[in-house]
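Participant: Got a structure here, written out as structure tokens. Questions coming.
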Amino acid sequence: SLRVAGSPFLPLPSPPLRTFRLEARLRPEMGRAGLLLRSSGAGTGLLLEMAATGEVVLRRAPKWEIPFPATPDTEILASASASVQAQEPGTGFWRNLMVTDDGRTIRAVLDGFELLAVEEPAAADEASVLALHQGPRSQAGYAAMQLTDTTPGRPEALVFDHRFDTENDQGLSCLAQWSRTTAHRQPDEWTLFRAALQLSGTVRRARLYV
């Protein structure tokens, strides 16, 4: 699967789209899985987040950078929750999420049930970049992702259809397209602590115990 961790802006390998349909099979493993809409870069646009509990939230995109300990709070436009089946502690299961944006209404459908339909007309000069988002010390996995251009007045066009969980070369080929966007960080790559020590002499050997 495609694993995304601790990234304020991981753009999808696609051109900007003002109207689209995104279908993804995903699993929030730590924290919330996020999708930036109508964005021009980190901290801009709208952020749609989904938690393992089935909660879906649409809010203004938070502005942060590594190594922030947490994402700042922003204005929440809408939120809803879906039922979640019982599961073992520390494990997650795959959910099917569909997000559509026609330039006026943003909809989120989870496992076939529409949870959000938010009227939020886009400005004529508003950016239209799509990107994945993972807050500090959070992680999500994606088994598949399909993006369709739904521009009015012309037939729908498939932009990409990525299947990351296949056992053949298709999965590797899909993952290769994401390596050209930005580096992935894992939750254990964060700075745990930092300290300054005043040294009085030359350092011959240094050891760190944690």
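Each value in this text was obtained by applying a stated rule to the coordinates, not by laboratory testing. Every value quoted in this text rests on a predicted model; they were computed, and no experiment measured them. Counting neighbours? That spans all protein chains shown, and the Cβs are built from the backbone with ideal geometry, glycine included.
Participant: Please report, in whole Å³, the volume per residue of the convex hull around the C-alpha atoms of the stretch 12-62.
Facilitator: Here the figure is 102 Å³ per residue.
Participant: Could I have the simple spin-label model distance between Asn96 and Arg204, label points 7 Å from Cα toward Cβ, reported in nm to one decimal?
Facilitator: 6.7 nm
Participant: Report, in debye and to the nearest 20, how large the dipole of the chain comes out about its Cα centre when Lys and Arg carry +1 and Asp and Glu carry -1 on their Cβ.
Facilitator: It comes to approximately 980 debye.
Participant: For the stretch 56-61, just list the computed ³J(HN,Hα) in residue order, Karplus coefficients 6.51, -1.76 and 1.60, θ = phi - 60°, integers in Hz, with x standing in for Gly and Pro.
Facilitator: 10, 10, 10, 8, 5, 5
Participant: Translational diffusion coefficient of the chain at 10 °C, 1.306 mPa s, Stokes-Einstein with Kirkwood Rh over Cα pairs, in µm²/s as a whole number.
Facilitator: 86 µm²/s
Participant: Go ahead and set up a Gaussian network model of the chain, Cα springs under 10 Å, then flag whichever of Ala143, Ala123, Ala24 fluctuates most.
Facilitator: Looking only at Ala143, Ala123, Ala24, the largest GNM fluctuation is found for Ala123.
Participant: Which GluC sites (Glu not before Pro) in the stretch 1-104 pass both tests, a DSSP loop state and at most 13 other beta-carbon atoms within 10 Å?
Facilitator: Here the sparse-neighbourhood loop sites are Glu65, Glu75.
Participant: Another question, if that's okay. Given just the C-alpha atoms of the stretch 1-90, how large is their convex hull per residue in cubic angstrom?
Facilitator: 129 Å³
Participant: Also: What does the C-alpha gyration tensor say about the overall shape of the stretch 33-152? Classify as rounded when a/c is under 1.5, otherwise prolate if a/b is larger than b/c, or oblate.
Facilitator: The shape class here is oblate.
Participant: Here is a further query. Between 0 and 90 degrees, rounded to the nearest ten: what's the tilt of helix 169-178 against the longest Cα principal axis of the chain?
Facilitator: Around 70 degrees separate the two axes.
Participant: Would you calculate, for the chain, the mean residue ellipticity at 222 nm contributed by helices, counting each DSSP H stretch of 4 or more residues as -39,500 (n - 2.57) and dividing by all residues, to the nearest 500?
Facilitator: Calculated from helices alone, the mean residue ellipticity at 222 nm is -1500 deg cm²/dmol.
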